[in-house]
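Since the structure comes first, as structure tokens, the remarks are kept for the end.
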């Protein structure tokens, strides 16, 4: 109803009340009811039951294209193929292909699931209706199911008007489609899911409606929603590989002025484990760093600082005392030494600038992306994690609480070894007893700790000298660290050769 008709009705109602009041009729109860209805309609939390709820299934025009999305070539290919079925219905009808009803995008946060859904709507020229799973769930019975019906009715109406179809995108769909029977207090969640199942079953082949869902918790979804005929395809949207990260970097740096020392390929290698959202934030933070320095170009140092900020947080104002700073620098040098010994060229930077919960940090950049790890590689990672604590012990004779996170990381790696059948126990069941599991984890950590202690002893002088350099500079890039390290190794090798020659001369005498 338009606002004009609302004003006419309100005016007419007030005129009638005034007439009745002048005629001697008691209009008090009527006024009380009107005031109560006004209060309920506008101020009570359940007013959306009257159908005034807005925000669910918003229809927007999308400008995002698949070209704007990097690092997800497999996901884009699968999604495009499903969309082509809807675009070329004549060819699919000849081959007897049933258009897909739903596609589920599954993957870690920040990998581009929402962007893929927007690009899908743009690709088909369809209307894009988006909602979050939490918008369908209320404490009032029947509200969620009602909103699901309204969403599909709205999509069908738009599809008929535009004759190009509609894409319904439900983000965080695990809230709406969680395993039924988990909520014993009430059945509102189950009723909402049941209504979604019915609506997806009711999509006919003539209706150009595609349902897209996004989740990072596919393990808790109800099996009924995953069967063919509802979500026909599950598209995995994983973290990008090195080439994907490079593609994303090129997209986000396309309009930004870069200095000559910025190597995007090297930056993509160092950003191992970053999602698309992390990379976008990295580029933005690098630009902010350049702005703070009042420079007109973004340098490599800006990107290096931005990496640490994205991973650990902003620099902290407090500065540890001199004694703690010395311990922190020795701790980080220990990590860096073992990292270079077990994986050459893996250290990207060493810093003692406090960020977040970390007083110092050694940033590592693997030469290539890894998807499988051998026993030797896991043991190498455990050595690197333990090296900081044993460097402290070598210099000060004791460890500190700064090694707590390192020990937790080493325990997780050792537990992975045990459950993967790479320990002395061999293949084990997931139900292995906690005592036996803990004993094997401690055995692995203690054994590797002895190895780390022996490896660090020849580098005692190097740890002390480089710790002094880091306390002065606060940060060393990987290349500079390797320069100091290789020079010390050459001197150490020369000293060992001289010592060996001296021993041989003594034996000869």
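Kirkwood Rh and Cα-based Rg: tell me the resulting Rg over Rh for segment 328-422, rounded to two decimals. Could the numbers behind the result be given before it?
Details: Rg = 13.5 Å, Rh = 13.9 Å.
Ratio value, two decimals: 0.97.
Quick one: angle between helix 28-43 and the longest Cα principal axis of the chain, in degrees between 0 and 90, rounded to 10, please.
The helix 28-43 is inclined about 30 degrees to the chain.
From Cα pairs below 8 angstrom and at least 6 apart in sequence, can you work out the relative contact order of the chain, rounded to a whole percent?
Contact order relative to length: 12 percent.
Could you order peptides 91-102, 422-433 by the average number of other Cβ atoms within 10 Å of their residues, highest first?
So the order, starting with the most tightly packed, is 91-102, 422-433.
Consider the candidate values (1) 4, 20, 30, 27, 15, 4, 0; (2) 3, 14, 18, 18, 17, 13, 8, 4, 3, 1, 0, 0, 0, 0; (3) 3, 14, 17, 12, 5, 3, 3, 3, 3, 3, 4, 6, 7, 8, 6, 2, 1, 0; state which one is P(r) over Cα pairs in 10 Å bins from 0, in percent computed from the structure displayed.
Derived directly from the coordinates: (2).
Rounded to two decimal places and with Rh computed the Kirkwood way over Cα pairs, what is Rg over Rh for segment 264-385?
0.99
What percent does the relative contact order of segment 402-467 come to when contacts are Cα pairs within less than 8 Å and at least six residues apart?
Working: 28 pairs, mean separation 17.3, N = 66.
Reported as a whole number, the value is 26 percent.
Suppose only helical runs count, i.e. DSSP H with n ≥ 4. What mean residue ellipticity at 222 nm does that imply for the chain under -39500 (n - 2.57) per run, divided by all residues and rounded to the nearest 500 deg cm²/dmol?
Rounded to the nearest 500, the figure is -18500 deg cm²/dmol.
How do the peptides 287-298, 409-420 rank, highest first, by the average count of neighbouring beta carbon atoms within 10 Å per residue? Intermediate results must be reported in sequence, preceding the final value.
Working: 287-298: 14.2, 409-420: 18.4.
Result, highest mean Cβ count within 10 Å first: 409-420, 287-298.
When a/c is below 1.5 the answer is rounded, else prolate if a/b is larger than b/c, else oblate, so apply that to segment 58-236 with a ≥ b ≥ c taken from the square roots of the Cα gyration tensor eigenvalues.
Here segment 58-236 falls in the prolate category.
For a bin width of 5 Å, list the pair-distance distribution of segment 236-283 built from all Cα-Cα distances, rounded to whole %.
For segment 236-283, the binned pair fractions read 5, 23, 36, 23, 10, 3, 1, 0 percent.
What's the angle, to the nearest 10 degrees (0 to 90), between helix 375-396's Cα axis and the longest principal axis of the chain?
It works out to around 60 degrees.
Compute the projected area of the convex hull of the Cα atoms of segment 79-148, averaged over all viewing directions, and report it in nm² to one decimal place.
Here the figure is 6.5 nm², rounded to one decimal.
If a/c stays under 1.5 just call it rounded; otherwise compare a/b with b/c (prolate if a/b is bigger, oblate if not). Do that for segment 220-327, with a ≥ b ≥ c from the square roots of the Cα gyration tensor eigenvalues.
On the way: a/c = 2.97, a/b = 1.65, b/c = 1.80.
Here segment 220-327 falls in the oblate category.
Hey, what did segment 58-236 get for relative contact order, percent, Cα under 8 Å, at least 6 apart?
32 percent.
Rounded to two decimals, what ratio of Rg to Rh does segment 322-487 give with C-alpha atoms and a Kirkwood Rh?
With Rg and the Kirkwood Rh in hand, the quotient comes to 0.99.
Just report the Cα centroid separation between segment 342-384 and segment 76-123, whole Å.
Centre-to-centre (Cα) distance: 39 Å.
None of the figures in this text is laboratory data; all of them are computed from the coordinates on show. Since the structure is predicted, the reported quantities are computational estimates derived from the model, not experimental observations. Glycine gets a Cβ as well: all are built from the backbone with ideal geometry, and neighbour counts include every protein chain shown.
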